[in-house]
Amino acid sequence: MEKTITKEEISLFPIEEFAGQIREVKTEEETKEAVDYLSKFEMLGFDTETRPCFRKGHANGVALIQLSTADTCFLFRLNKKDPSPALIRFLSDPKTLKIGLSLRDDFQSIRRKMKFMPEGFVDLQKIVLQHGIKDISLQKIYALLFNKRISKKQRLTNWEAEELTESQKKYAALDAWACLKIYEKLCPVKESI
């Protein structure tokens, strides 16, 4: 049986929040420390944010990469500096699973900013289909599995702003963390692409 949910049904659920620590990463030293910490985990939630562009035929590169454990999310500000070699190596390392949603789009956006070979990534869109979940948006998958709503109000904000707002940080952290939670609920064993 296929599982699906409407926007109206989702609107009745309480809003989910990421209650963990959010750490913004701007410098090379902070990147090295974050990657050292994240390398200790078997799997992480992954997402990106890109400043929206409303000009036809133009696309912005990724402004933010989020990597989350169960209780800490790191926000890597790519618009603040050149991509860190430590981060590029980590994204190319197959040892740590990085769980995201619609990864092809994320990879295209990242490649506008840096060259890397994605390794160790798991795309939830493939997994949810195996579990009979017809809807493939993060908001709908999360609502189906946890009966909670993920707000998308910050999605089209300026991710290249000089300073991110607290609302932007919470939104970004929640998206990465939610990917990890979904994977843990659906996959007691590792699957990768």
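Does anyone have the angle between helix 28-38 and the longest principal axis of the chain? Alpha-carbon axes, 0 to 90°, nearest 10?
It is inclined by approximately 40 degrees.
Compute the angle between helix 166-186 and the longest alpha-carbon principal axis of the chain, please, reported from 0 to 90 degrees and rounded to the nearest 10.
60
Can you give the calculated 222 nm mean residue ellipticity of the chain, where each DSSP H run of n ≥ 4 adds -39,500 (n - 2.57) and the sum is split over every residue, rounded to the nearest 500 deg cm²/dmol?
Only helices count here, giving -10500 deg cm²/dmol.
Using a 7 Å offset from the Cα along the Cα-to-Cβ direction at both E163 and R112, what is the distance between the two label points in nm, to one decimal?
2.7
So how much slack lies between L129 and Q21, counting 0.36 nm per residue of separation and subtracting their Cα-Cα distance, in nm?
Values: separation 108, 0.36 × 108 = 38.88 nm, distance 3.13 nm.
Full-extension gain reported as 35.7 nm.
5 Å is the cut-off here: which amide hydrogens, built 1.01 Å from N in the peptide plane, fall below it relative to L44, excluding neighbours closer than 5 in sequence?
Counting only residues 5 or more places away or on other chains, the set is L97, K98, I99.
Got a sec? How would L87, L186, L67 order by Cβ neighbour count within 10 Å, fewest to most?
L186, L87, L67
Quick check on my link table: of K153/K181; K32/K134; K40/K115; K26/K98; K7/K126, which ones sit more than 29 Å apart, alpha carbon to alpha carbon?
From the list (K153/K181; K32/K134; K40/K115; K26/K98; K7/K126), the Cα-Cα distance tops 29 Å for K32/K134.
Can you list the GluC sites (Glu not before Pro) in segment 109-173 that are in a DSSP coil and have 11 or fewer other beta carbons within 10 angstrom?
Passing both the DSSP loop test and the Cβ count: E162, E163.
Every number here is computed from the coordinates shown, using simple stated rules; none is lab data. Keep in mind that what you see is a predicted model, and the values were worked out from it rather than measured. So basically every Cβ, Gly included, is an ideal-geometry build from the backbone, and we count neighbours across all protein chains shown.
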